[in-house]
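The values are calculated or read from the model by the stated rules, or taken from the named source; none is laboratory data. What you are looking at is a predicted structure, and each value in this text was computed from that prediction instead of being measured. Cβ placement follows ideal geometry from the backbone for every residue including glycine, while neighbour counts extend to all protein chains displayed. Keep in mind that these areas ignore ligands, DNA and RNA; they rest on the heavy atoms of the full protein, side chains included. Shrake-Rupley method; radii C 1.70, N 1.55, O 1.52, S 1.80 Å.
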Amino acid sequence: MTIAAIEIHFLGQHGAAWWALVMLVLGAALIGYGVLQLRRSPRKGRAGGRQDPEKSSLLSLVAGAAAAVFAVASVLLPEMRSVPVALVFTAATVGLTIWLFYKTVYRYLGKSRMAILFALRFLAAIFLLLLLFQPVLALVHRPEHIGTLGVVIDASGSMSVNDAPNQPSRYLQCTLGAKMLIKDLRNQFHLLCFAYDGKHNGPLTSPRQWNRIAPDGTMTDLPTAIKMATNSGATAVVLFSDGIQNGPSKIGSLRHLGTPVYTVRVGSTSAKATGVPQIQIVRIDGPQTAPVDTQVTLTALIRSTSLNDRTVRVFLDHNKKPLQSHRLVLHSGRAPQNVKLEFTPHHVGRMVLHVRIPVLPEERSTAGNEQEFPMLITNPKIRMLYIEGRVRPEVGPLYNDLAMNPNISLVSLIRTRPGYFMIRGSAGGKTLTGLPTTLKQWERFKVIMLGDVSANFLSPQQQSDLQQAVQHGAGFIMIGGQRNFAVGGWGESRLAPVFPVHLQMTTPAQLSEAFVPQLTAFGAASPVLQGITSWFTQPNGKPALQHLPDLEGCVAFAGARPGATVLLTNPAAQVDGKPAIVLAVQHYGKGRSAAFAGDTTYRWRLILRTLGAKSPYLRFWGQLVNWLAGQSKTKTSNGPSVTAMIRKQRYQSNDTVRLRVAVTDMHGQSTRYAHVHALITNAAGKTRTVRLHAEDRQPGMYKRNIMPHAMGKYHVVFTATMHGHRLGQDSSDFYVTSPGGEMDKLAAEPTILQRIARLTGGSYAELAGINALARRIQAAQPPGSTVERTSYPLYDNKAFFLLFIAALSCEWFLRRKWQLQ
């Protein structure tokens, strides 16, 4: 054996109160002496070799205050009750007191006599302290090879139960018992501490961490809990539990474990779930995504037992701050009650909400009083209506990219043949069956885009309603075509004032020469073209800094209306002696309008597709729609992202779990073309990978339904790639419990714990017999594997008392001999 540790124990110190009283008396004496000296002595120091009395007085005051504070702290704070520190601090205080006593006679003595008297009285004080504290030096001899003891506490939901009013919970009782056991065995084993709640899968840092763990595990799988300790190297295991086993593992699987398991039972064997006052938040229903600054409604389903007619408050929290609360009168029974909670998110991004109900004094368990609900908060989407009169090359690319824009909710009506529209998308959950026919239907949309349609496409009333919608705040744009603008008769329509350009016929009506649009001075500064001006011919006629494919002609406008702003022109053609207008915008009432003469921007998309969101095509149309909606400052994603969106945190073993994730591409656009996979790890550490598929109705969303069979914690890592580039990664957790539920059975099962002990060669004990269990564990260790301790007392009552008397007698004799009082 080798000496593993040197310990000092103090047999004579059994409480802090008496020592604190002594220190308070010493502190008061030092403070009184210091105050008295300050009042007696002058402010200036004296000559003749004497020390300045003011310095010693201040030292006395500081030391006295320190002694008093230390004494009070030792009573109030347990961590301040260190016996070695108390011994040293007391010796220092006594030494200072003796020095202050002799300082007053310093002028009568030399240094040698002063030192002798001080040493004699200080030795007398040391002998007295040793008699009081009784220190013992212990040499701990530890064998070269000792075992590792794993102490496992069941932290499942049933362990949060109080079996009787005003009694600690089962979990708290176990933590206290485990700490007693550790105190008895800490020198016999290497100790590892565990808590089995499905979240902590390895050893804890210290026993204190038990105090920070809530017993809210969703199931109890005792074999898994035990194997968690043996897999960490434990050669013996102590399991504290109520014995309720509802996990997937079989108790018989421990037969060949090869490690003794000592089980400790806690909890009543007569507790019934139906008779135990309890509140459980069954689930939370609500949207997984919501736009920022928009009211969201969540519905919490709450079930209670034995709490009929009790009134509680249901809180909706975010970051530990309440967002809303609701008063609920409980109706205990099988059917859950519904509580609606409303809030308005003000920040974009993922947020995790918590619904909680404060624990009632009658409740025996707190495991079901809180549940979380994750959400993804997005920028508000612009509701946009795109009406197209015919299928043409411009339509497909434009529709696809507007539909994939994460800031736009697009509804399209594209006429594929006379009298028939292909309708895609919905507005606020309402699907159109044809062209809007009322002002209310037009006002559902923030932006309305008309393609190659003539004026007779809309009735005069529809035109008037659309004109009013723009005047009330909607955005309107018509894009180039063969049968619209002036050729389509819009100059004589009720909608004509909304256009930012004059709609008189020109000759020719179409300009066929290819060109790259040229910026005007206003266009170079407009938010519509922000970040893409280098792709266009500059206002001074200089060529574009980056190559943009030519547009193949455009509509000829007769000119801009007064108050309109021209942003782009055609440098290759003129109308009435002025550069032909390509893009003009204006404010109309509370709304905005635009006219775009081109109809071949799809060429920008086809050739520059590899640029993604940096393509001028995507930014041009996205920023133009934002400006028309009055949201040119809307924040958009600047790059790739992957956001996990698992609906619930807890599922039962027969539930379907829907994995969902939101994905944007390298340029911040929602995409259907990413490869999204989920790596799923269950509680046993087994992994599998599944692929998620794009949702048809919501661009950028991917989903996959799975049905996990094993119970416990699942960790899911989502990864998305596109064209060989990694877009990002995100992770989330969920828990699978047995169909019956952790809290459906609360009566302790000692027979389960007894069987575990019998199968593994350990033994079973009640919590009250924890000391006897410690002795059995020690006795079960092989010879030569126990710790031995050799003690050497550092005091002798008779000899130290005689030395104390001798030191005081010598000091008294010398003071009398040297004629000192």
For the stretch 337-485: rounded, prolate or oblate by the Cα gyration tensor [a/c cutoff 1.5]:
prolate
Residues whose built amide H sits under 5 Å from the amide H of G559, excluding neighbours closer than 5 in sequence, are H502
Under a plain spin-label model, where a point goes 7 Å from the Cα along Cα-to-Cβ, how far apart in nm are R40 and K590?
8.9 nm
Once a ≥ b ≥ c are taken as the square roots of the eigenvalues of the Cα gyration tensor of the stretch 250-334, is the result rounded (a/c under 1.5), prolate (a/b larger than b/c) or oblate (a/b not larger than b/c)?
oblate
To the nearest 0.05, how large is the calculated FRET efficiency for S512 and K381 if R₀ is 35 Å and r is the Cβ-Cβ distance?
0.40
Return one number: the angle in degrees, 0 to 90 and rounded to the nearest 10, between the long axis of the Cα atoms of helix 17-40 and the longest principal axis of the Cα atoms of the chain.
90 degrees
What ranking do 515-526, 650-661 get when scored by the average of other Cβ atoms within 10 Å per residue, highest first?
515-526, 650-661
Note to self, the chain gives a 222 nm [θ] from helices alone (DSSP H runs n ≥ 4, -39500 (n - 2.57) apiece, / all residues, nearest 500) of -8000 deg cm²/dmol
So what's the angle, to the nearest 10 degrees on a 0 to 90 scale, between helix 797-817 and the longest Cα principal axis of the chain?
80 degrees
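Report, in listed order, any pair from K227/K713; K340/K440; K250/K703; K179/K648; K250/K686 with a Cα-Cα distance greater than 25 Å.
Values: K227/K713 16 Å; K340/K440 29 Å; K250/K703 34 Å; K179/K648 36 Å; K250/K686 18 Å.
In this structure, K340/K440; K250/K703; K179/K648 lie more than 25 Å apart at Cα.
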Using the Karplus equation 6.51 cos²θ - 1.76 cosθ + 1.60 (θ = phi - 60°), what ³J(HN,Hα) coupling, rounded to whole Hz, does each residue of the stretch 315-324 give in order, writing x for Gly and Pro?
10, 10, 10, 9, 6, 6, 10, x, 9, 6
Among 259-266, 344-351, how do they line up by average Cβ neighbours within 10 Å per residue, starting with the highest?
259-266, 344-351
Give the residues of the stretch 393-429 whose amide nitrogen is closer than 12 Å to a point set 7 Å from the Cα of H723 in the direction of its Cβ.
none
I'd like the Karplus ³J(HN,Hα) series for the stretch 228-241: coefficients 6.51, -1.76, 1.60, θ = phi - 60°, whole numbers in Hz, and an x wherever there's a Gly or Pro.
4, 6, 5, 5, 8, x, 5, 9, 8, 10, 10, 10, 9, 6
Largest first, what is the accessible-area ranking of D154, D163 with a 1.4 Å probe?
D163, D154
Rounded to the nearest 20 Debye, what is the dipole magnitude of the stretch 335-387 about its Cα centre when Lys and Arg each give +1 and Asp and Glu each give -1 at the C-beta?
360 debye
How many nm separate the modelled label positions at R775 and A524, each set 7 Å beyond the Cα in the direction of the Cβ?
9.6 nm
Working from Cα positions, state the angle (0 to 90°, nearest 10) between the long axis of helix 170-185 and the longest principal axis of the chain.
50 degrees
Set Lys and Arg Cβ to +1 and Asp and Glu Cβ to -1, take the dipole of the chain about its Cα centre, and tell me which of T506, G147, L628 lies farthest positive.
G147
With the crude spin-label approximation of a point 7 Å out along Cα→Cβ, what separation in nm comes out for A65 versus Q819?
4.1 nm
Length gain on complete extension for the stretch Q209 to W812, per 0.36 nm per residue less the alpha carbon to alpha carbon distance?
211.5 nm
Counting only residues 5 or more apart in sequence or on a different chain, those whose built amide H sits under 5 Å from that of Q652 are T737
Considering only protein heavy atoms, what is the solvent-accessible area of C810 at a probe of 1.4 Å, reported in Å² to the nearest 10?
70 Å²
Along the positive direction of the dipole of the chain (beta-carbon charges: Lys, Arg +1; Asp, Glu -1; about the Cα centre), which of S332, Q462, A138 reaches farthest?
A138
Estimated dipole of the chain in Debye, rounded to 20 [Cβ of Lys and Arg +1, of Asp and Glu -1, Cα centre]:
2000 debye
I'd like the FRET efficiency for D576 and E552, computed as 1/(1 + (r/R0)^6) with the beta carbon distance as r and R0 of 22 Å, rounded to 0.05.
0.45
What ranking do 471-480, 767-776 get when scored by the average of other Cβ atoms within 10 Å per residue, highest first?
471-480, 767-776
Once R0 is set to 45 Å, what does the formula 1/(1 + (r/R0)^6) return for the Cβ-Cβ distance between M180 and R697, expressed as a FRET efficiency to the nearest 0.05?
0.15
Largest to smallest accessible area among E363, E749 [probe 1.4 Å]
E749, E363
Once the piece of chain linking S232 and D309 is laid out straight, how much longer is it, given 0.36 nm per residue of separation minus the C-alpha distance between them?
22.8 nm
